[in-house]
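The values are calculated or read from the model by the stated rules, or taken from the named source; none is laboratory data. Since the structure is predicted, the reported quantities are computational estimates derived from the model, not experimental observations. Here the Cβ positions follow ideal geometry from the backbone for every residue, glycine too, while neighbour counts run over all protein chains shown. For the accessible areas, the whole protein counts, side chains as well, though only heavy atoms, and no ligand, DNA or RNA atoms are used. Shrake-Rupley method; radii C 1.70, N 1.55, O 1.52, S 1.80 Å.
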Amino acid sequence: MSGNVKLLIAEDDREMRSLLRKVLTREGYDVTTAAHGQEAVDILREAADFDLLLSDIRMPEKDGIQVLKEVRTLRPSLQVVMITAFGELDQYLEVMREGAFEYLTKPFKIPDLLSVVERATGQPAPASQGDGA
């Protein structure tokens with residue numbers, strides 16, 4: 001594949017946002033972050049080259065479900081993985097109905113996150129490509 005796999009992370013918790021950025025950057029992904037939902041939508045309006053959006057559900061200004069609905073209008077083909085600390089069946093059903101690729105409940109294991117990102121982008125992590133592992 002030419003170029004890096006570009007991820008956008010929308011997460012209001014600074015520590016979680018930093019951890020996700022660190023882990024995914026270490027794996028070779030090109031990571032951009034947003035501190036809330038409206039910032040994520042603004043970034044997506046200006047840059048059309050993201051491969052995946054990882055979005056928290058509960059955020060200020062615009063929650064993840066609102067972001068997901070806007071993404072479906074702005075970028076219908078963009079894969080979206082929703083993340084939440086409050087795994088609720090109704091919420092799960094709603095985000096899946098709105099077209100989310102996957103729904104992860106915090107706390108999650110890093111290998112599980114990486115697996116979901118690989119499946120959502122349809123490619124292995126850039127750092128693992130061609131290493132023969």
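Counting just the residues of the range 21-41 that are assigned to a helix (DSSP H, G or I) and touching a strand residue (DSSP E or B) at 6+ places or on another chain (Cβ under 8 Å), which one comes out nearest to residue 121 (Cα to Cα)?
Initially, the range 21-41 is screened for residues assigned to a helix (DSSP H, G or I), giving 21-26, 37-41.
Subsequent filtering for residues that are touching a strand residue (DSSP E or B) at 6+ places or on another chain (Cβ under 8 Å) retains 21, 24-25, 37, 39-40.
Working: 21: 17, 24: 13, 25: 15, 37: 21, 39: 22, 40: 18 Å.
Selected residue: 24.
So residue 113 ticks every box in (1) without any contact (Cβ under 8 Å) to a residue 60 or more places away in the chain; (2) under 25 Å from residue 18 (Cα atoms); (3) aliphatic (A, V, I, L, M) but one. Which box is left unticked?
(1)
Taking only pairs six or more apart or across chains, which ones have beta-carbon atoms under 9 Å, a first residue in the range 82-93 that is among the polar types (S, T, N, Q), and a second residue that is open to solvent by 80 Å² or more (accessible area, probe 1.4 Å)?
The qualifying pairs are 84/58; 84/92.
When the residues of the range 9-31 are filtered to those that are surrounded by 17 or more Cβ atoms within 10 Å (Cβ to Cβ) and among the β-branched types (Val, Ile, Thr), which remaining residue is farthest from residue 59 (Cα to Cα)?
Of all residues in the range 9-31, those surrounded by 17 or more Cβ atoms within 10 Å (Cβ to Cβ) come to 9-12, 17, 20-21, 24, 27, 29, 31.
Next, from what is left, pick out any that are among the β-branched types (Val, Ile, Thr): 9, 31.
Working: 9: 12, 31: 19 Å.
Restricting to residues being surrounded by 17 or more Cβ atoms within 10 Å (Cβ to Cβ) and among the β-branched types (Val, Ile, Thr), the top hit is 31.
Filter the range 58-104 down to the residues that are surrounded by fewer than 14 Cβ atoms within 10 Å (Cβ to Cβ), part of a helix (DSSP H, G or I) and among the acidic types (Asp, Glu) and list them by number.
Correct list: 90 only.
Is it the case, given these coordinates, that residue 107 is surrounded by fewer than 19 Cβ atoms within 10 Å (Cβ to Cβ) and in a loop (DSSP other than H, G, I, E, B)?
Working: surrounded by fewer than 19 Cβ atoms within 10 Å (Cβ to Cβ): yes; in a loop (DSSP other than H, G, I, E, B): yes.
Yes.
Look at residue 121 and say whether it is β-branched (Val, Ile, Thr), farther than 17 Å from residue 16 by Cα, modelled with pLDDT under 95 and open to solvent by 60 Å² or more (accessible area, probe 1.4 Å).
On the way: β-branched (Val, Ile, Thr): yes; farther than 17 Å from residue 16 by Cα: yes; modelled with pLDDT under 95: yes; open to solvent by 60 Å² or more (accessible area, probe 1.4 Å): no.
Answer is no for this residue.
Could you please find all residues in the range 37-57 being of a type outside the set (Lys, Arg) and either open to solvent by 20 Å² or more (accessible area, probe 1.4 Å) or in contact (Cβ under 8 Å) with a residue 60 or more places away in the chain (or both)? Talk me through it step by step, then tell me what you get.
Start the filter on the range 37-57 by keeping residues that are of a type outside the set (Lys, Arg), which leaves 37-44, 46-57.
If the condition is that a residue be of a type outside the set (Lys, Arg) and either open to solvent by 20 Å² or more (accessible area, probe 1.4 Å) or in contact (Cβ under 8 Å) with a residue 60 or more places away in the chain (or both), then 38, 39, 42, 43, 46, 47, 48, 49, 51, 52, 54 are the ones that fit.
Taking into account only those residues within the range 27-84 that are out of contact with any Asp or Glu (no Cβ under 7 Å at 6 or more places or on another chain) and small (Gly, Ala, Ser), which is modelled with the lowest pLDDT?
Only one residue fits best here, namely 48.
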